[in-house]
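Okay, structure first, notes after.
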Amino acid sequence: MTDYKRGGSRLVALNVDVDGGFLTEQGYTAMRDQLDTLRRHHPQAFDDLNKLAKSWRDRSGETLPADRLQALDKALQDTGLPRDASVMKVLSDYAAHGFQKDYHPGFMKNANGRPFMPSIFNATAQNVQSFAANHPDFVEPLRKIVSGGDAALVVSPANMFADKRLGQQFASALREHHLLTDRAGGIALQVQAVAPEVFRNQGPVAGRG
């Protein structure tokens, strides 16, 4: 399982408002360094920024007096940081982990060319592995659907089988392991992306003869 890269750079597993949706490793490291600089050289401004970050996170709408906002913006400008959602998100996450130097939120995982949060990637991979272990006869049908690009089967996987009873059993097994969407019953997007990665990294699963 590999980390997702954009332009050769790994993407940090924080959903922040930057171009492309995620910070690169270099962008994240630079922002963390700038926040540490702000904390050392402008402690009052850092505390005020942290208060704004909490307000932003909690959506409380609390703000600062105009003179403190002006001083904060001056300190941010001196440090090279904007006062935007990406900084608020990184600061909130950093603060939640005690500003520990060795903390890192991890990297986005590459699932069939799409970036996924590690928690979503790992949970989906475990569901696929559990499905394969408990329903070996249905592994190959699922493999064909997620690798074949047949949109009709993605939406209605039970149609993989001419035998309606088998199709219902297949759909039931997928649902049992949380591989279908709750609403329409098609194969979930994350499953379409993650399952091929799981199958590529495991040997063939033999069905019952």
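The values are calculated or read from the model by the stated rules, or taken from the named source; none is laboratory data. Note that the structure is a prediction, hence the values are computed from the model and not measured. For neighbour counting, all protein chains shown are included, and Cβ atoms are generated from backbone atoms with ideal geometry for every residue, glycine included. Surface accessibility is based on the protein's heavy atoms, side chains included, excluding ligands, DNA and RNA. Shrake-Rupley method; radii C 1.70, N 1.55, O 1.52, S 1.80 Å.
For the reader, a short list of remarks on this structure follows.
- Residues in the stretch 96-113 that are open to solvent by 30 Å² or more (accessible area, probe 1.4 Å) and among the small types (Gly, Ala, Ser): Ala96, Gly98, Gly113.
- Only one entry in Leu11, Leu49, Leu76 is touching a Lys or Arg at 6+ places or on another chain (Cβ under 9 Å) and not in a helix (DSSP H, G or I), namely Leu11.
- Within the stretch 129-165, restricting attention to residues that are farther than 29 Å from Gly21 by Cβ and of a type in the set (S, T, N, Q), the residue that is surrounded by the fewest Cβ atoms within 10 Å (Cβ to Cβ) is Asn134.
- Test for Asp93: is it free of Cβ contacts under 8 Å to residues at least 24 places away in the same chain, out of contact with any His (no Cβ under 7 Å at 6 or more places or on another chain) and not in a loop (DSSP other than H, G, I, E, B): no
- Every condition in (1) free of Cβ contacts under 8 Å to residues at least 40 places away in the same chain; (2) among the hydroxyl-bearing types (Ser, Thr, Tyr); (3) open to solvent by less than 80 Å² (accessible area, probe 1.4 Å) holds for Thr79 except the one numbered (1).
- Only one entry in Gln192, Gln126 is in a helix (DSSP H, G or I) and open to solvent by 60 Å² or more (accessible area, probe 1.4 Å), namely Gln126.
- Filter result for Met88 (in contact with a Phe, Trp or Tyr (Cβ under 6 Å, 6 or more places away or on another chain), surrounded by 12 or more Cβ atoms within 10 Å (Cβ to Cβ) and hydrophobic (A, V, I, L, M, F, W, C)): yes
- Where Phe116 falls short, out of the listed (1) surrounded by fewer than 14 Cβ atoms within 10 Å (Cβ to Cβ); (2) within 30 Å of Lys54 (Cα to Cα); (3) in contact (Cβ under 8 Å) with a residue 24 or more places away in the chain: (1)
- Unmet criterion (only one of (1) under 24 Å from Asn201 (Cβ atoms); (2) open to solvent by 20 Å² or more (accessible area, probe 1.4 Å); (3) touching a Leu at 6+ places or on another chain (Cβ under 9 Å)) for Glu176: (3)
- Residue match in the stretch 52-72 (condition: closer than 30 Å to Gln126 by Cβ and in contact with a strand residue (DSSP E or B) (Cβ under 9 Å, 6 or more places away or on another chain)): no
- Ala162 being assigned to a helix (DSSP H, G or I) and either out of contact with any Lys or Arg (no Cβ under 8 Å at 6 or more places or on another chain) or among the hydroxyl-bearing types (Ser, Thr, Tyr) (or both): no
- Considering the stretch 88-121, the residues that are under 17 Å from Arg39 (Cβ atoms) and hydrophobic (A, V, I, L, M, F, W, C) include one that is nearest to the chain's Cα centre (by Cα), namely Val90.
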